Each structure stands twice: as structure tokens, then as C-alpha cells.
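Below is one structure; the comments refer to it alone.
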Amino acid sequence: MNKILKLHELGQSVWLDYIRRDLLDTGELSDLIQKGEVRGVTSNPTIFEQAIAGSDLYTSTIEKLVSKELSADEILDDLILTDIRMACDQFTSLYEESGYLDGYVSVEVNPNLADDTSSTLAEAERLWEAVDRSNVMIKIPATSAGIPAIQKAIAAGICVNVTLIFSLDRYSEVMQAYVNGLEERIQDGKDVSKVASVASFFISRIDSAVDGALEVLRSENLLESEIASSLLGKAAIANAKLAYSGFSETFSGPRFVKLQNAGAQFQRPLWASTSTKNPNYPDTYYVDNLIGPKTVNTLPPHTLEAFRDHGEVENRLESGLVEARNSLAKLESLGISMKEVTHKLEREGVEKFASSYHNLVDTVRARVDSLQ
């Protein structure tokens, strides 16, 4: 059997971390859906930057929009929303057949608003209404300002993909925001059965940061090579396993069971940034080791192809919890603070997406100017 389909049998949904106009126009996405391999799509400003700046696929559409005298920001908004709507429509049947579990397409709020609660919420509401598809997920970053916006969005019935989660503490806040939002919605006498959410926990960037710190200690002769080698590539998976343990505890407790009886869904962990950055690690490293029920893994096309070819299908997420705790404890004993690492990664993630968004606007503005 196809290895990706085996993942689905184990309770993990595979979503595609990629969107581009030709993926939608050529039937490539529809084919992946029909084969049962891809059950959702995620996007972010960097993905759209690569799609629009790196191709001529959007030129004819830009020309038409220029003739309507739209600004560069308005044109960019139209390009993104059109792709998202098209993708949502191709997932409609799966969305309904899965009982609203899968078939979602994610679009991100403007990352420049990440530290502004009210503006983030307003933008989430605008995108929800503008896309006008029940299977769209609005991506809200898990910053301190994003947490209350997430709760209010859930209470308003907006499906939310909580993005840029790195730390266990922040993840706990994310889960509480989701539960609080559902409770608030039920108190208002509203249905919760179609309010879906995923919590996107970023993976490979954690290892890149921690491995770099270990190499610095080793180069300064502050750490023996054997100790460093034993911890390389361990932090991200250990962090994810502890996050999954927290998920299992939160969503099996009496508080959520009450919500579940009212029709609420789990807020599934979604493993993001799962392509391997370090060439010394297998290209399916973060897929093979994060397989478990009630989860999502969003994969870029090359990682999807690699796993289909030589991935290892085994439920490893629910094992090795003691080893995971020990690995993180050893890092702390060496002076590598996961709290500091993850906080820095959160800020860098927001800044990276904001930079991509700026580049995206600049690209569209340059094309508009050239056409005018």
C-alpha cells in the first residue's frame, strides 16, 4: 500500500505545505486529493512570495487587475484569495465526507499584525468573510498578542490554524485559548461542530538552533564530542513528543469531554517545518519520527515525494517519552535553555514572514509599475 495512505490509517492526515496557481489549474492538486494522499493545504507569506515572485503564472491576472486601477496591496489580496478559494473548492467533497475533520486550506493574517490583538482579530474576520468558504482556516501566530485573538476567533466560529508554535508553555496557552473559545461559543448558544482548529508546532528550526548551540560548545572545548553527538537532532522531536503528551492530557480531560459531548472537535497538533534542513539527517527524519493518531503533518512537495518513496511508517509519537524528557534535561544542564531558544525562534518566525510579505508587496508593485 502507498505509504502516505498508511499514515492516514494510523490517524495522521497529510496536508500539502505549498500552493501555486498551476497546482490548481492543471489538476495536480485535484489528483493528489483523488488519490487520497493530500487532505489539506497550508500556505504562508513565504510560499506566496515564491509562487508569485518566482513565476509568470500571475502576470495575466495582474494585468486585468491593473486595468481596474487597484493598488498593489489590493491586487496581492486578490491573487492570494483567489488561490485559496480555488483550493477550498477542490477540497469541498473531502471536507464534507470527513465530517469536517480534513479538507482545509490555510491562509495567514498579515504577519505585521502579530503583536496587535485587535488588528489580528479584525484581519482574521476579514479573511474569513472574504474567502467565504467554511473549509478555510485562518492562520494566527501564537504570539502573546495572538493568544486572545485566537480565543475570540474560535468563539466567533472561525476555523483557526494557530501557527509559529515553538515552546511547550506557549502551546499550553494555545490549547487553553481554543477550549476557552469553544466554551464561550457554547455559552452563547452557538454550534461548535464545524469549528475546527490545528496547532502548528514548528519542528526543524528547533534542531537548527539547538544543534548550532551544541556545535559552539564543542568548538570552544566546553563539551565533549560524544555528548554533543548524542544530543544532535534530538531537541525538536523530543519537544514535539512532550507537546503531544500535553495534547493527549488536555483533550482527554473532563473539561474537554464536556465540549466533545456538545460536538466539539479536537484541536489537532500539526507538525510544520518538517523538511530536513541538515543534510546529515534523512530527508524524511521529521515525518518518520512524528507519526501518531489525531495529528497532521504538512509537507512541502519534495518531502511528500521522499516519504512516498522511502518513508518509514510506524507510530513513534507515543513512545520514548522518558528519553525525550531526558534529552531536554541534558540540554538545560549544558546551559542551552529551550525557553530562550523557542522565544527567539518565535520572534524570528514572525520577522521572516513579515519580510516575505513586504517582498511580496514590492514584487507586485514592481509588476504593476511595469505594466502601467
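Separation of the stretch 288-333 and the stretch 112-148, taken as the distance between their Cα centroids, equals 29 angstrom. Note on the stretch 274-372: Cα-Cα pairs beyond 19 Å make up 67% of the total pair count.
Close amide H pairs (under 5 Å, H built 1.01 Å from N) link residue 108 with 139, residues at least 5 positions away or on another chain.
With +1 on each Lys and Arg Cβ and -1 on each Asp and Glu Cβ, and nothing else charged, work out how big the dipole of the chain is about its Cα centre, in Debye to the nearest 20.
Working: 36 positive and 55 negative charges, 175 e Å.
Charge dipole, the chain, about its Cα centre: 840 debye, nearest 20.
Size of the stretch 329-368 from its Cα atoms: along the principal axes, largest to smallest, the extents are 55, 10, 10 Å.
Once the Cα gyration tensor of the stretch 123-162 is found, what semi-axes does its equivalent ellipsoid get, as square roots of 5 times the eigenvalues, in whole Å, sorted largest first? Working shown, then result.
Numbers: eigenvalues 58, 17, 14 Å².
Output for the stretch 123-162: semi-axes of 17, 9, 8 Å.
Considering only 297, 75, 266, and ranking their Cα positions along the charge dipole of the chain that arises from unit charges at the beta-carbon of Lys, Arg, Asp and Glu, the one farthest toward the positive end is 266.
Residues whose amide H lies under 5 Å from that of residue 317, counting only those 5 or more places away or on a different chain, are 291; hydrogens are built 1.01 Å from N in the peptide plane.
For the residue pairs 6/352; 139/277; 241/330; 194/234, the alpha carbons lie more than 28 Å apart in 6/352; 194/234. Taking the Cα centre of the stretch 264-372 as reference, the dipole from Cβ charges on Lys and Arg (+1) and Asp and Glu (-1) amounts to some 320 debye.
What is the stretch 133-194 by shape, rounded, prolate or oblate, if you read a ≥ b ≥ c off the alpha carbon gyration tensor as root eigenvalues and call it rounded for a/c under 1.5, prolate for a/b larger than b/c, and oblate otherwise? It is oblate, given that a/c is not under 1.5 and a/b is not larger than b/c. With the Kirkwood sum run over all distinct C-alpha pairs, the stretch 225-267 has a hydrodynamic radius of 12.5 Å. Just so you know, the averaged projected area of the alpha carbon convex hull for the stretch 123-270 sits at 10.0 nm². At the listed q of 0.18 Å⁻¹, the Debye profile of the stretch 250-313, built from one uniform point per Cα, gives log10 I(q)/I(0) equal to -0.68.
In a simple Cβ point-charge model (Lys, Arg +1; Asp, Glu -1; nothing else charged), the stretch 77-232 has a dipole of about 280 debye relative to its Cα centre. Residues in the stretch 288-299 carry Karplus couplings, in order, of 4, 9, 10, 8, x, x, 6, 10, 10, 10, 9, 10 Hz; the curve used is 6.51 cos²θ - 1.76 cosθ + 1.60 with θ = phi - 60°, and Gly or Pro positions show x. Taking amide H positions as modeled 1.01 Å from N, with prolines and chain starts lacking one, the residues under 5 Å from residue 17 and 5 or more places away or on another chain are 42, 299. Every Cα-Cα pair of the stretch 38-189 was included, and the share exceeding 18 Å stands at 61 percent. The listed peptides 22-33, 195-206, ordered by packing as a protection proxy, come out as 195-206, 22-33 (highest mean of other Cβ atoms within 10 Å first). Which of the helices in the chain, when you take each full DSSP H run, stretch at least 20 Å along the axis at their Cα atoms and have an average Kyte-Doolittle score of -0.5 or higher? Membrane-span-like by this criterion, though nothing is claimed about a membrane: 72-90, 117-131, 204-219, 235-250.
Convex hull volume of the Cα atoms of the chain, normalised per residue: 141 Å³. Peptides 211-218, 173-180 ranked from most to least packed give 173-180, 211-218, packing being the mean of other C-beta atoms within 10 angstrom over each peptide's residues.
Coordinate-derived values only; no laboratory data. Keep in mind it's a predicted model, so treat the numbers as computed, not measured. Please note: Cβ atoms are built from the backbone with ideal geometry, for glycine as well, and neighbour counts cover all protein chains shown.
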